[in-house]
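A.B. asks: Let me begin by handing over the structure; questions about it come next.
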Amino acid sequence: MGTNGSTMLEPLRQGLPPVDPTAVSGSASCALPARFEAVRGARTFTRSTLAQWGLDDRFDDVALVVSELVTNALRHALPDDSRPAAGESDPPVRLHLMRWSTRLVCAVRDPSEDRPGGNFAPEATDRNCDLESGRGLFLVDSYSDSWGWHPLAGRLTGKVVWALFTLQD
């Protein structure tokens, strides 16, 4: 399910908080099918990857954020006509985990270029609680140290939504 290696993650580093790209101590990537069952697969992949990196203690918070980001990508970023046919080899949603010595980034790539969260505004906590949707990003904002998104450029289309977790030295 996963692929290790940092070269394939280079396009995702655009728009992430400043870090030395040569200091990546681990990276893993997982293609996800356009089915809601993929959320469970994303959590399993996250558990396995964090265990390999010795970060088991961060699993609960990271898994919650991964679940929300993947669910949002599947629910809001995939128009019906973009869902791959059975057996198609390039799923439109991909989870990337990148680890530096003091940071962990979870990034979800999807084919939509739309801003995530619609009316969600990180600075408007009271208003966010009353929204019909977008509360998942409220959880992402609450459990991660920061989050953001950026459109992809070049041959990759869509966007990446990322969440950053600070790690103890």
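The values are calculated or read from the model by the stated rules, or taken from the named source; none is laboratory data. The structure presented is a predicted model; accordingly, all values stated were derived computationally and were not measured. Here Cβ is always computed from backbone atoms with ideal geometry, including for glycine, and neighbour counts include all displayed protein chains. Heavy atoms of the whole protein, side chains included, go into the accessibility calculation; ligands, DNA and RNA do not. Shrake-Rupley method; radii C 1.70, N 1.55, O 1.52, S 1.80 Å.
A.B. asks: For residues that are assigned to a helix (DSSP H, G or I) and surrounded by fewer than 16 Cβ atoms within 10 Å (Cβ to Cβ), scanning just the range 63-82, find the one that is modelled with the lowest pLDDT. Reasoning before the result, please.
C.D. replies: To start, the set of residues in the range 63-82 that are assigned to a helix (DSSP H, G or I) comprises 63-76, 80-82.
Checking which are surrounded by fewer than 16 Cβ atoms within 10 Å (Cβ to Cβ) leaves us with 75, 80-82.
Numbers: 75: 86, 80: 59, 81: 54, 82: 50.
That would be 82.
A.B. asks: Another question, if that's okay. Specify which of the listed residues (126, 110, 145, 130) is farther than 20 Å from residue 47 by Cβ, open to solvent by 80 Å² or more (accessible area, probe 1.4 Å) and at pLDDT 70 or above. Walk me through how you get there before you give the answer.
C.D. replies: Values: 126 fails: at pLDDT 70 or above; 110 fails: open to solvent by 80 Å² or more (accessible area, probe 1.4 Å); 130 fails: at pLDDT 70 or above.
Among 126, 110, 145, 130, only 145 is farther than 20 Å from residue 47 by Cβ, open to solvent by 80 Å² or more (accessible area, probe 1.4 Å) and at pLDDT 70 or above.
A.B. asks: Looking at (1) part of a loop (DSSP other than H, G, I, E, B); (2) modelled with pLDDT of 85 or more, which is the one condition that is false for residue 117?
C.D. replies: Going through the list (1) part of a loop (DSSP other than H, G, I, E, B); (2) modelled with pLDDT of 85 or more, residue 117 breaks only (2).
Residues checked against (1) small (Gly, Ala, Ser); (2) open to solvent by less than 60 Å² (accessible area, probe 1.4 Å); (3) at pLDDT below 55; (4) within 14 Å of residue 105 (Cβ to Cβ):
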residue: 5; (1), (2), (3), (4): yes, yes, yes, no
residue: 27; (1), (2), (3), (4): yes, yes, no, yes
residue: 33; (1), (2), (3), (4): no, yes, no, no
residue: 47; (1), (2), (3), (4): no, no, no, no
residue: 84; (1), (2), (3), (4): no, yes, yes, no
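A.B. asks: Against the definition (within 16 Å of the chain's Cα centre (by Cα), among the acidic types (Asp, Glu) and either at pLDDT 90 or above or buried (at least 17 other Cβ atoms within 10 Å of the Cβ) (or both)), how does residue 10 come out, yes or no? Spell out how you get there, then give the answer.
C.D. replies: Values: within 16 Å of the chain's Cα centre (by Cα): yes; among the acidic types (Asp, Glu): yes; either at pLDDT 90 or above or buried (at least 17 other Cβ atoms within 10 Å of the Cβ) (or both): no.
So residue 10 does not fit the description; no.
A.B. asks: Does residue 169 qualify as being loosely packed, with under 12 Cβ neighbours inside 10 Å, at pLDDT below 85 and in a helix (DSSP H, G or I)?
C.D. replies: So residue 169 does not fit the description; no.
A.B. asks: Which residues, taken from the range 155-166, are touching a helix residue (DSSP H, G or I) at 6+ places or on another chain (Cβ under 7 Å) and either open to solvent by 70 Å² or more (accessible area, probe 1.4 Å) or within 15 Å of residue 112 (Cα to Cα) (or both)?
C.D. replies: 156, 160, 161
A.B. asks: Oh, and also: Just for the range 49-62: of the residues that are open to solvent by 10 Å² or more (accessible area, probe 1.4 Å) and part of a helix (DSSP H, G or I), which one is nearest to residue 166 (Cα to Cα)? Reasoning before the result, please.
C.D. replies: If we filter the range 49-62 for residues that are open to solvent by 10 Å² or more (accessible area, probe 1.4 Å), which is where we start, we get 51-61.
So of that shortlist, the ones also part of a helix (DSSP H, G or I) come out as 51-52, 56-61.
Values: 51: 17, 52: 18, 56: 14, 57: 13, 58: 10, 59: 13, 60: 14, 61: 12 Å.
Ranking the qualifying residues of the range 49-62, first place goes to 58.
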